[in-house]
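Q: Have a look at the structure that comes next, please.
The values are calculated or read from the model by the stated rules, or taken from the named source; none is laboratory data. Nothing here was measured: the structure is a model prediction, and the numbers come from that model. Ideal geometry is used to build each Cβ from the backbone, glycine not excepted, and the neighbour counts take in all protein chains shown.
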Amino acid sequence: MRPAAPAAPAEPAVPTVPSLGAAAGAKAPPAAPAAQPGPTLTVICPDCQTRYKVPVSSVAKRFRCKKCQAILEIPPEAANP
């Protein structure tokens, strides 16, 4: 006679809750509106003439041109049209 194989442990029963939204025909909530960008400035790289739109809050900050790697500084007077 062959010994009986050990029984696999029984998994506990986990109750499932039906989705109320799908079952009741409810629509998904509307997506949040896109954040409205504030006022922007157009900055042109002096080396390669690539144009960038940057927020006014970036005045007096520096950033690197993605095309030619030059460092651009937004002058404070650029905020005053």
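Q: With respect to Ala70, determine if the residue is modelled with pLDDT under 65 and aliphatic (A, V, I, L, M).
A: So Ala70 does not fit the description; no.
Let's see how each residue does on (1) surrounded by fewer than 10 Cβ atoms within 10 Å (Cβ to Cβ); (2) aromatic (Phe, Trp, Tyr):
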position	(1), (2)
Pro39	yes, no
Cys48	no, no
Tyr52	no, yes
Arg64	no, no
Lys67	no, no
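Q: OK, next. Quick check on my filter: what residues within segment 46-69 are hydrophobic (A, V, I, L, M, F, W, C) and in contact with a Lys or Arg (Cβ under 7 Å, 6 or more places away or on another chain)?
A: The one that is hydrophobic (A, V, I, L, M, F, W, C) and in contact with a Lys or Arg (Cβ under 7 Å, 6 or more places away or on another chain): Cys48.
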